[in-house]
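Just so it is clear, none of the values below were taken in a lab; they were calculated from the coordinates. Just so you know, these numbers come straight off a predicted model, no measurement behind them. Note: ideal-geometry Cβ built from the backbone for every residue, glycine included; neighbour counts use all protein chains shown.
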Amino acid sequence: MQEAPKTLEQYLQICEEMGVEPKEGEIPVNPTLDFSPEAQQAFYLYHILPDIVDGMTGTWYGKNFSGIGDLLNIYSVENKKDVFDYLVYMIQIARDAYAKEREIQSKTKAKR
């Protein structure tokens, strides 16, 4: 399976090489250009908060929020509620993606 382009430049190069027009829904998102400041802050926090993972199964349960208040203060986040809401939304998207991946893996193992 071919990896999806990660940047706008990669996407446009692939389109040019294939002789196709870029499609709006396929253009990769650039968090620093396409997201609001609150969403950018949430995106950054998502990547620095530690994961909660089951040691036996490797199941991802989410992020550890124990230091979120300190992080919001350290990074001088003004609109804490919106940033937190974006962060929770990102975690839900990741949780759904991991659940779908686990479902696919369990079906693959069952076929063996």
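Go through region 50-70 residue by residue and tally those that are free of Cβ contacts under 8 Å to residues at least 24 places away in the same chain and surrounded by 16 or more Cβ atoms within 10 Å (Cβ to Cβ).
So the answer is 2.
Within region 71-112, track down each residue that is assigned to a loop (DSSP other than H, G, I, E, B), without any contact (Cβ under 8 Å) to a residue 12 or more places away in the chain and at negative phi.
Taking region 71-112 as the starting set, the residues that turn out to be assigned to a loop (DSSP other than H, G, I, E, B) are 75-79, 112.
Still in the list and also without any contact (Cβ under 8 Å) to a residue 12 or more places away in the chain: 76, 78, 112.
If the condition is that a residue be assigned to a loop (DSSP other than H, G, I, E, B), without any contact (Cβ under 8 Å) to a residue 12 or more places away in the chain and at negative phi, then E78, R112 are the ones that fit.
Residues of region 25-63 being among the polar types (S, T, N, Q) and either out of contact with any strand residue (DSSP E or B) (no Cβ under 9 Å at 6 or more places or on another chain) or under 13 Å from F84 (Cα atoms) (or both), which ones? It would help to see each step written out before you state the result.
Residues of region 25-63 among the polar types (S, T, N, Q): 30, 32, 36, 40-41, 57, 59.
Across region 25-63, the qualifying residues are N30, T32, S36, Q40, Q41, T57.
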